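To start, the structure under review is shown below, and the notes come after it.
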Amino acid sequence: RNALALFRPDGAALRPDDLPLQLASRRGESISNMEVVLQRRDGERRRLLVDAVPIRDDGGNVVGAIDCWRDVTDRARAEAALRDSERRVRVIADALPLVIWVNDTHG
């Protein structure tokens, strides 16, 4: 069994031909911020953002590509927690039978 598996954000398996490095090599176009979910052998899933750029020779022909993978799992979790917290505060504020006023030290 492979040490890891790659998926699209919707849960569909990511085929090797659809990896950002392959796409950049085949299309000759840069791939920016492609979201990929990596599942480790222990089942843990990590969210990654991938950039890939084709490498060209002096004649402009694509001869390869280079990619960069960034783990954004912790950031995504923090953003989800913030959205949940904001939602809860909104529910509480909407349910209160009074007006909440907030201002800074300058009024």
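The values are calculated or read from the model by the stated rules, or taken from the named source; none is laboratory data. Computed from a predicted structure; not experimentally measured. As a convention, Cβ positions derive from the backbone with ideal geometry for all residues, glycine included, and neighbour counts pool all protein chains shown. Quick note on the areas: whole protein, heavy atoms, side chains included, nothing else; ligands and nucleic acids left out. Shrake-Rupley method; radii C 1.70, N 1.55, O 1.52, S 1.80 Å.
For the chain, the per residue solvent-accessible surface stands at 75 Å², with DNA, RNA and ligands left out and a 1.4 Å probe.
Spin-label model, D10/I92: points 7 Å from Cα along the beta carbon direction are separated by 3.8 nm.
Within the full protein context, the accessible area of S85 is estimated at about 50 Å² for a probe radius of 1.4 Å. Residues V50, V62, ordered by accessible area of protein heavy atoms at a 1.4 angstrom probe radius and largest first, appear as V62, V50. So how tilted is helix 73-95 from the main axis of the chain? Cα-based, degrees 0 to 90, rounded to 10. Result, in degrees: 30.
Taking label points 7 Å from Cα along the Cα-to-Cβ direction, D18 and R41 give a separation of 2.6 nm. For the chain, the fraction of alpha-carbon pairs lying more than 25 Å apart is 47 percent, rounded to a whole number.
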